[in-house]
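Bear in mind these aren't lab numbers, they're just calculated from the coordinates by the rules spelled out. The structure displayed is predicted, hence computed values, not measured ones. Cβ sites come from the backbone with ideal geometry, for glycine too, and all protein chains shown count toward neighbours.
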Amino acid sequence: MNVRSFVQLVVIQATILRRNTGFWVTSIMTAVLSMAVFGWLFNPDTQPFDLALVDEDHSQASRSLVEAFGGIDNVEVREGSRDGEMASLQDGELGAVVIVPEGFADDLGGGSATLPVFYDNSNPIRIGYVTTTVNAVVDSYNDEVVGQSSAVTVQQQAVSTQRVRFIDFLTPGMVGMTVMWVNLGVGFLLVTWREQGILRRLGVTPLRPGSLIASQAASFSIVSLMQVTVVLVMGHFVFDVDIHGSFLWLAVTVFLGVMAMLSVGYVVASLLKTVTSVNAVINLVAFPMMFLGRSYFPLEPPPALKPLIEAIPLTHLNDALREVVNRGGGLGDLWLSWTILAVWVVAGFGLSVRLFRWQ
Amino acid sequence: MEAGEDVVLAVEALSKRYGSLVAVDGISFQVRRGETFGILGPNGAGKTTTLEMIEGLRTPDGGHITLLGLDAVRQRRSVQDRIGVQLQSQALWPELTVEETLKTFSALFRRRLSLEMMMERFSLVDKRRSLVRDLSGGQKQRLSVATALVNDPEVVFLDEPTTGLDPQARRSFWDLIHDMSGEGKTVIVTTHYMEEAEELCERVAIMDHGRIMAMDSPRELVRGLDFDNTVECTFAGSVERERLLALPAVHDVKKENGAHFLFTTDVSATLAGLMGLTDGNGERVQSLQVRTATLEDVFISLTGRRLRD
């Protein structure tokens, strides 16, 4: 196949996708609505949590700091002993324990004091909110009470030190979900063409199945890239979701995700005959994948499901997207997810070229 | 066919089976360059399967196809670059415009005609920016033929091109085929309309149950019949075949869907006998039609069935 026919096929398929409005609007609307709903209306980050304060210094300075924590929205504050509150934190009753250590007033008088804060690390959604809240209180204490911005430094004592809000977690998941829906749709497109006789018609031209598949992969990549851009731009400008990693790694991840989902769509289209059955099977594949693949929620799966979850491509697409977007991960963090996606691509495309039927 | 003529398509002992059904049963034929060749037969005769094997859509189970001097199975892509095909269904993308459709098909071939010229020729210039889904049936039909000709093919295959068209659209389609033929293209057309085969084809292969029953020019096929006319009649009440066969000048009798076909070498003698038959025995002729023998009669005399029911 020459360049001209390849380019023409890519262009017309992108055109067809664009004119089939429902095809791309549905998935992007789902992503946008999900982000709006979870970003604004039901933001799990602002769920109330309990905060325990331990005053070991019993000074005027320590009292005023403890009082600064009173009266915060959504936060229930209590005081207790170090051992008792740490045990409560272990039991999952608390979002954090703030300890004002002995000698705090003296340190503060000396110019700088540290404030150890222990976080409950088991809930990644809440952690962001808790750290933000504690930091905000300490910042305003520094500014308004001490009058010196770095007087008290928060010393975070949690295994995870990332500030991941729910919307930060959700946005890459929505990118993954959008990529999944649109590209699984290639199965639908292919079977529609087969039913309409368009594949037969192409089959009596010199076009090869491999060339058709390659041009479809290219046009679906273009469409997906535009959707991903929409989701990430919205995430950035509306919800302050930063992309910490490299755009190149992001593009590679999206491309691998597109190919993996296309390959699944092709296999489905190769095995089934009618548009209705392909539609049903794609929904049957996509919905469980959307939830098991952690597009929406960080599920802790029952052990029985773990192998399945580790096998499905969306899990690894989402993992890799979060690695790049939230944590600024590099090749060392991405290679495993990329490898598993690549295995899907090779196996799926290999199978679909073999199973390809013009009619 | 004479030896040494320019043969553009040679099919030898071609066969295809689907499970236990033999769709094409070892057929052989040749088509000359520039000829319009028809494959006439009822639905299920194996016409479409035959074309699909020649066009490279299906792989034959046996036999050999030489098209444009190439092995149509092994050198399928090279062959496909030089042929034009219109399938039974008008396979067009509903979401594309006329111009986009032509441009896309055109891009698949090495040899390309000017799209402006194609749109001009098929009266689609005004519709160039219309989506295919908004075209009328006739416009879709013209676009479909245009896509088959974008590569200026040497051989054009048309699979039942006028099925479902109204008589006027069928006439104008026949003009298109005459034009192709006038440009020197070889046209291979399948049909179950005998008028179409008579109108278009220099030679016709009559196909039934996967076999070629007869092959010649329409005129020779009719002339080869042992009778000149057909008397088609229906009776109120039943009439034994033997009594019809015994009528003067009747060569053969076939019965199909309640109608009797009397193949006769002398119409007036047969008709006189037929009148006598009904007068004497109380049977009444309900309908009677006399016509000169046609391809339809060739088919009936070969198979005992009509082309379409």
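Reported value for the range B:226-292: 74 Å³ per residue, from the convex hull of its C-alpha atoms. From its DSSP helices (H runs of at least four residues, each -39,500 (n - 2.57)), chain B gives a residue-normalised ellipticity at 222 nm of -9500 deg cm²/dmol. Largest first, the extents of the alpha carbon coordinates of the range A:274-322 on the three principal axes equal 36, 25, 17 Å.
Computed on chain A, with alpha-carbon pairs under 8 angstrom and 6+ residues apart, the relative contact order is 19 percent.
Projecting label points 7 angstrom from Cα along Cα→Cβ for A:LEU308 and A:ARG208 puts them 3.9 nm apart. Beta-bridge orientation, chain B: approximately 70 percent antiparallel, per DSSP, counting only bridges with both partners inside. Packing, taken as the mean count of other beta carbons within 10 Å per residue, orders the peptides A:254-260, B:15-21 from highest to lowest as A:254-260, B:15-21. Per residue of B:91-101, other chain Cβ atoms within 10 Å of the residue Cβ number 5 on average.
A simple charge model with +1 on the Cβ of Lys and Arg, -1 on the Cβ of Asp and Glu and nothing else charged puts the dipole of chain A at about 3820 debye relative to its Cα centre.
Distant-in-sequence amide contacts of B:ARG203, defined by a placed amide H-H separation under 5 Å and a gap of 5 or more residues or a different chain, comprise B:THR36, B:GLY38. Ranked by the mean number of other Cβ atoms within 10 Å of their residues, highest first, the peptides B:83-89, A:243-249 come out as B:83-89, A:243-249. Taking 0.36 nm per residue of separation and subtracting the current Cα-Cα distance, fully stretching the chain between A:VAL238 and A:GLN157 would add 26.1 nm. Applying 1/(1 + (r/R0)^6) with R0 = 56 Å to the Cβ-Cβ distance of A:VAL346 and A:ARG82 gives a FRET efficiency near 0.50.
Would you work out which of A:VAL75, B:ASN43, A:LEU308 lies farthest towards the positive end of the dipole of the protein assembly as shown? Charges go on Cβ: Lys and Arg +1, Asp and Glu -1. Going by the charge dipole, the pick is B:ASN43. Given the options B:PHE105, B:PHE157, B:PHE263, which has the most mean-square fluctuation in a GNM of chain B, springs set between C-alpha atoms less than 10 angstrom apart? Highest fluctuation of the listed residues: B:PHE105.
For the segment B:79-88, counting C-beta atoms of other chains within 10 Å of every residue's C-beta and taking the mean gives 3.
Entry note, the range A:148-265: relative contact order of 48 percent, from Cα contacts under 8 Å with a spacing of 6+ residues.
Between A:PRO302, A:PRO101, A:PRO116, the residue with the greatest mean-square fluctuation in the GNM of chain A (Cα pairs under 10 Å linked by springs) is A:PRO302. The Cα center of the range A:72-121 and the Cα center of the range B:230-309 differ in position by 110 Å. Take each peptide in A:169-178, B:56-65, A:140-149, count the other Cβ atoms within 10 Å of every residue, and average; sorted highest first, the result is A:169-178, B:56-65, A:140-149. Within the range A:45-156, antiparallel bridges make up roughly 15 percent of the DSSP beta bridges whose residues both belong there.
Here the range B:176-241 was treated as a single set of alpha-carbon atoms; its pair distances binned every 10 Å from 0 give 16, 37, 27, 15, 4, 1 percent. Structural descriptor for the range A:45-156: relative contact order 29 percent, calculated from alpha carbon pairs under 8 angstrom and at least 6 residues apart. Of all beta bridges that DSSP places with both ends in the protein assembly as shown, some 55 percent have antiparallel geometry. For the protein assembly as shown, the dipole from Cβ point charges (+1 on Lys and Arg, -1 on Asp and Glu) about the Cα centre works out to 2540 debye, to the nearest 20.
If R0 is 51 Å, the Cβ-Cβ spacing of B:LEU131 and B:ARG241 corresponds to a FRET efficiency of close to 0.35. Separation of the range B:94-162 from the range A:194-236 is 22 Å, based on Cα centroids. Distance distribution note for the protein assembly as shown: the fraction of Cα pairs above 49 angstrom is 42%. Simple spin-label estimate for A:SER140 and A:VAL3 gives 6.2 nm between the two label positions (7 Å along the Cα-to-Cβ direction from each Cα). All C-alpha pair distances within the range B:7-222, sorted into 10 Å bins from zero, spread as 8, 34, 36, 18, 3, 0 percent across the bins. Remark: mean inter-chain Cβ contacts per residue of A:191-198 equal 3, using a 10 Å Cβ-Cβ cutoff to other protein chain atoms. Here the sum of -39500 (n - 2.57) over DSSP H runs of 4 or more residues, divided by the residues of chain A, equals -21500 deg cm²/dmol at 222 nm, to the nearest 500. In the elastic network of chain B, a GNM with C-alpha springs shorter than 10 Å, the most mobile of B:GLU240, B:GLU120, B:GLU232 is B:GLU240.
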